[in-house]
Amino acid sequence: MTNEAIQNMLDRRSCRSFDSSRIISAEELDTILKAGTYAPTGRGSQSPIMVAIQDQALIKKLSRMNADIMGVPIDPFYGATTVIIVLADKNWPTHVYDGSLVMGNLLNAAASLGIGACWIHRAKEEFESDEGKALLKEWGIEGEYEGIGHCILGYPAGPAPEAAPRKADYITIIK
């Protein structure tokens, strides 16, 4: 049994190759961000916040910061033209889970619009650094926030890969 929402989740793949000559539209970005705001959060706290970036110089800076943490001189954002940073209030006990659900909504919303997306880690380390804290201050973000992840977005440069086979012991049903 399936419907359009379930099929979207089954078809979604991480995109790691983007057409860097095209930036997603404001309407598409707004739709994806709105989906993020409807993610479930512990006790309805809405502890996460999102920072959407389409400034290419700033994306390059964030990519460099992320690569430095990884210790590898690559572009961990794969040439994506939009980055949504998900941060969550460290003082809320479910902040990591809340932010993770926001990331899931962003990824699924992007896929439903035919936009490539991928979750990139190391946001926690980025925004614990002095450079990351300075960016938050520059953006007017005050408080104790933990970086949950980067949702990189853009138009895919090619077809999505096939799904990897699901492992045999993924599900246990007890009746």
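The values are calculated or read from the model by the stated rules, or taken from the named source; none is laboratory data. Since we're looking at a predicted model, the values are computed, not measured. Cβ coordinates were reconstructed from backbone atoms using ideal geometry, including for glycine residues, and neighbour counts include every protein chain displayed. Just the protein is used for accessible areas: all its heavy atoms, side chains included, with ligands, DNA and RNA removed. Shrake-Rupley method; radii C 1.70, N 1.55, O 1.52, S 1.80 Å.
Observations, loosely collected:
- Count - residues of the range 55-67 that are open to solvent by 60 Å² or more (accessible area, probe 1.4 Å) and either touching a strand residue (DSSP E or B) at 6+ places or on another chain (Cβ under 9 Å) or not small (Gly, Ala, Ser) (or both): 5
- Any hit, the range 71-89, residues being of a type in the set (Asp, Glu), touching a strand residue (DSSP E or B) at 6+ places or on another chain (Cβ under 8 Å) and within 23 Å of SER112 (Cβ to Cβ): no
Yes/no per residue for (1) in a helix (DSSP H, G or I); (2) under 18 Å from GLY140 (Cβ atoms); (3) of a type in the set (Ser, Thr, Tyr):
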{"site": "ILE23", "(1), (2), (3)": "no, no, no"}
{"site": "ILE32", "(1), (2), (3)": "yes, no, no"}
{"site": "VAL51", "(1), (2), (3)": "no, yes, no"}
{"site": "ILE59", "(1), (2), (3)": "yes, no, no"}
{"site": "VAL72", "(1), (2), (3)": "no, no, no"}
{"site": "ALA80", "(1), (2), (3)": "no, no, no"}
{"site": "VAL86", "(1), (2), (3)": "no, yes, no"}
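- Filtered residues of the range 145-158 (kept if within 23 Å of GLY104 (Cβ to Cβ) and open to solvent by 40 Å² or more (accessible area, probe 1.4 Å)): TYR145, PRO156
- Filter result (surrounded by fewer than 22 Cβ atoms within 10 Å (Cβ to Cβ) and among the small types (Gly, Ala, Ser)) within the range 120-137: SER129, GLY132, ALA134
- Inclusion of GLY140 among residues that are crowded, with 22+ Cβ neighbours inside 10 Å and either within 21 Å of THR37 (Cα to Cα) or in contact (Cβ under 8 Å) with a residue 60 or more places away in the chain (or both) is not warranted.
- Annotation note: Cβ proximity below 8 Å between a residue of the range 46-65 that is on the phi > 0 side of the Ramachandran plot and a residue that is open to solvent by less than 60 Å² (accessible area, probe 1.4 Å) (sequence gap 6+ or interchain) occurs for GLN46/ASP98.
- The listed residues are ALA110, ALA168, ALA164, ALA117, and the only one of them that is aliphatic (A, V, I, L, M), farther than 18 Å from ILE53 by Cα and open to solvent by less than 70 Å² (accessible area, probe 1.4 Å) turns out to be ALA164.
- Residues of the range 1-21 that are open to solvent by 90 Å² or more (accessible area, probe 1.4 Å) and either assigned to a strand (DSSP E or B) or closer than 16 Å to TYR78 by Cβ (or both): ARG16, SER21.
- Taken over the range 24-45, the criterion of being open to solvent by 40 Å² or more (accessible area, probe 1.4 Å), more than 15 Å from ILE85 (Cα to Cα) and either in contact with a Gly (Cβ under 6 Å, 6 or more places away or on another chain) or of a type in the set (Val, Ile, Thr) (or both) is satisfied by THR31 alone.
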